[in-house]
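The values are calculated or read from the model by the stated rules, or taken from the named source; none is laboratory data. None of these values were measured; they are calculated from a predicted model. For neighbour counting, all protein chains shown are included, and Cβ atoms are generated from backbone atoms with ideal geometry for every residue, glycine included. Heavy atoms of the whole protein, side chains included, go into the accessibility calculation; ligands, DNA and RNA do not. Shrake-Rupley method; radii C 1.70, N 1.55, O 1.52, S 1.80 Å.
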Amino acid sequence: MSNLEVGIVGLPNVGKSTLFNAITKAGAEAANYPFCTIEPNVGVVAVPDARLKVLTDLYHSKKTTPASVRFVDIAGLVKGASKGEGLGNKFLEHIRQVDAVAHVVRCFESTDITHVEGAVDPLRDIDIIETELCLADLEAVEKRMAKVTKLLKSGSKEAKAEHAALERLKSALDEGKPAREVELSDEEQAMLRDLNLLTRKPILYIANVGEDEAATADAENPHVQTVKEYAARTGAEVVTVSARLEEEIAELDAEEAAIFLEDLGLSESGLDRLIHGAFSLLGLQTFLTAGEDECRAWTITRGTTAPKAAGKIHTDFERGFIRAEIVNYDDLVSLGSVAAARDKGLVRLEGKDYVMRDGDVVNFRFNV
């Protein structure tokens, strides 16, 4: 995985583009009418990691490179989008390639901002979007089935296996059930990976609340509770944010933002919680490399071995992997240098089977 990529979806006027403006400072037009975001807006933001600043200071690094998340914001979907309503299915294609879907759900009341469906009802809104994604996936599955059916006549075992998997997917999607509820073997998943089914992607619900309830909504907003209960039943994650408040925070420098958040009784911004939620949802973690030239964070999935992690830096590192010299971040910082950690026996030499841990500070040895 290179940059983590998250697609932002939601009905019009739920705060999607306001949130996108805040998290990327990219200025996607946010207006009180549907379809103001015509082309997909893409913005890249840094993954918050306080360890990088500490290591940069420790090594006097010339450059600091955080891990990053790429957000893709598409136009507000409406009922019938998969059939071309509103600006239609074209937008669903923009999120086929993302790692996860972030679905912004309106959980605030407002007389100023119209709701496209007339009233605030998170479960109805979730159902509308989920239905559109299911219908788009159903179309993709049916197209694939038409191709595979032709191959069945040749007696191909692979075609037979793929057709059986597609039948199960079609049956679920026909009933409005997401593809993620269909159990597929590793072989079936490999066969169908290039379909990039939208409803197979992990989903993160963003409960968008009013500015005045950012610190209390998790406990007190009934709409948020409804979304959380739904997510718990479906294995999704929920992050509560106030998009409008995030937009204000985005205008502040780091020090001002910290004071502002403290005054509100919040320990971190909604963006930070959103990124951490996405990392948790996708089972991601970070390892670190540090030196005079650069201090950098790298994103990997949990369970990644040392050679695969080395390959994130360069394919040669994986191909010619010899070993990884690893020191725990806390040990390194408390002792002040790798040399001091080595003297204490805290620098480990790990081989090809080593499974990386979050916060490992690594120097890979390789020979090509």
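When segment 356-367 is limited to residues that are out of contact with any Gly (no Cβ under 6 Å at 6 or more places or on another chain) and in a strand (DSSP E or B), the one that is farthest from residue 50 (Cα to Cα) turns out to be 365.
Any idea which residue in segment 329-346 is surrounded by the most Cβ atoms within 10 Å (Cβ to Cβ), counting only those that are aliphatic (A, V, I, L, M) and assigned to a helix (DSSP H, G or I)? Ranking the candidates gives 332 first. Looking across 302, 296, one residue alone is under 21 Å from residue 52 (Cα atoms), charged (D, E, K, R) and crowded, with 18+ Cβ neighbours inside 10 Å. It is 296. Checked against the criterion of being of a type outside the set (D, E, K, R) and free of Cβ contacts under 8 Å to residues at least 24 places away in the same chain, the candidates 303, 311 yield just one match: 311.
With respect to (1) at pLDDT below 95; (2) of a type in the set (Gly, Ala, Ser); (3) part of a strand (DSSP E or B), the lone exception for residue 257 is condition (3).
I'd like to check something: does segment 215-232 contain any residue that is open to solvent by less than 20 Å² (accessible area, probe 1.4 Å), touching a strand residue (DSSP E or B) at 6+ places or on another chain (Cβ under 7 Å) and not small (Gly, Ala, Ser)?
Of segment 215-232, the ones open to solvent by less than 20 Å² (accessible area, probe 1.4 Å) are 217, 221, 224, 227, 231.
After this cut, where a residue has to be touching a strand residue (DSSP E or B) at 6+ places or on another chain (Cβ under 7 Å) as well, the list is 217, 224, 227, 231.
Now narrow it down to the ones that are not small (Gly, Ala, Ser): 224, 227.
Within segment 215-232, one or more residues are open to solvent by less than 20 Å² (accessible area, probe 1.4 Å), touching a strand residue (DSSP E or B) at 6+ places or on another chain (Cβ under 7 Å) and not small (Gly, Ala, Ser).
Every condition in (1) at pLDDT 90 or above; (2) in the same structural domain as residue 173 (by the TED database) is met by residue 136 except one, and the failing one is (1).
Taking (1) among the aliphatic types (A, V, I, L, M); (2) assigned to a loop (DSSP other than H, G, I, E, B); (3) open to solvent by less than 40 Å² (accessible area, probe 1.4 Å) in turn, residue 326 satisfies each apart from (2).
For residue 110, all conditions in the list (1) at pLDDT 90 or above; (2) over 22 Å from residue 175 (Cβ atoms); (3) outside the structural domain of residue 185 (by the TED database) hold save one; what is the number of the exception? Result: residue 110 fails condition (1) only. Annotation: of all residues in segment 265-318 being acidic (Asp, Glu) and out of contact with any strand residue (DSSP E or B) (no Cβ under 7 Å at 6 or more places or on another chain), the one that is nearest to residue 350 (Cα to Cα) is 318.
Among the residues of segment 182-213, those that are open to solvent by less than 20 Å² (accessible area, probe 1.4 Å) and farther than 30 Å from residue 162 by Cα comprise 205, 206, 207, 208, 209, 210. Residue under question is residue 252, and the condition is that it be hydrophobic (A, V, I, L, M, F, W, C) and crowded, with 21+ Cβ neighbours inside 10 Å; does it hold? For residue 252, the condition - hydrophobic (A, V, I, L, M, F, W, C) and crowded, with 21+ Cβ neighbours inside 10 Å - is not met. For first residues located in segment 227-249 and in contact (Cβ under 8 Å) with a residue 24 or more places away in the chain and outside any loop (DSSP other than H, G, I, E, B), partners that are surrounded by 21 or more Cβ atoms within 10 Å (Cβ to Cβ) and among the aromatic types (Phe, Trp, Tyr) and lie 6+ apart or on another chain with Cβ distances below 7 Å form the pairs 227/205; 231/205; 238/205. Residue 277 meets all of the listed conditions (1) buried (at least 19 other Cβ atoms within 10 Å of the Cβ); (2) more than 18 Å from residue 206 (Cα to Cα); (3) not hydroxyl-bearing (Ser, Thr, Tyr) but one, namely (2).
Residue 307 meets the conditions (1) outside the structural domain of residue 347 (by the TED database); (2) over 13 Å from residue 360 (Cα atoms); (3) in contact with a Lys or Arg (Cβ under 8 Å, 6 or more places away or on another chain) in every case but one. The failed one is (1). As a summary of the residue check, residue 367 satisfies the conditions (1) in contact (Cβ under 8 Å) with a residue 24 or more places away in the chain; (2) over 30 Å from residue 249 (Cα atoms); (3) in contact with a helix residue (DSSP H, G or I) (Cβ under 7 Å, 6 or more places away or on another chain); (4) not small (Gly, Ala, Ser) except for the one numbered (3).
Could you say which residue among 327, 355, 347, 362 is β-branched (Val, Ile, Thr) and more than 20 Å from residue 67 (Cα to Cα)?
Numbers: 327 fails: more than 20 Å from residue 67 (Cα to Cα); 355 fails: more than 20 Å from residue 67 (Cα to Cα); 362 fails: more than 20 Å from residue 67 (Cα to Cα).
Result: 347 is the single residue among 327, 355, 347, 362 that is β-branched (Val, Ile, Thr) and more than 20 Å from residue 67 (Cα to Cα).
Being more than 20 Å from the chain's Cα centre (by Cα), surrounded by fewer than 19 Cβ atoms within 10 Å (Cβ to Cβ) and in a loop (DSSP other than H, G, I, E, B) narrows it down to one of 266, 349, so name that one. 266 is the lone residue from the list that is more than 20 Å from the chain's Cα centre (by Cα), surrounded by fewer than 19 Cβ atoms within 10 Å (Cβ to Cβ) and in a loop (DSSP other than H, G, I, E, B).
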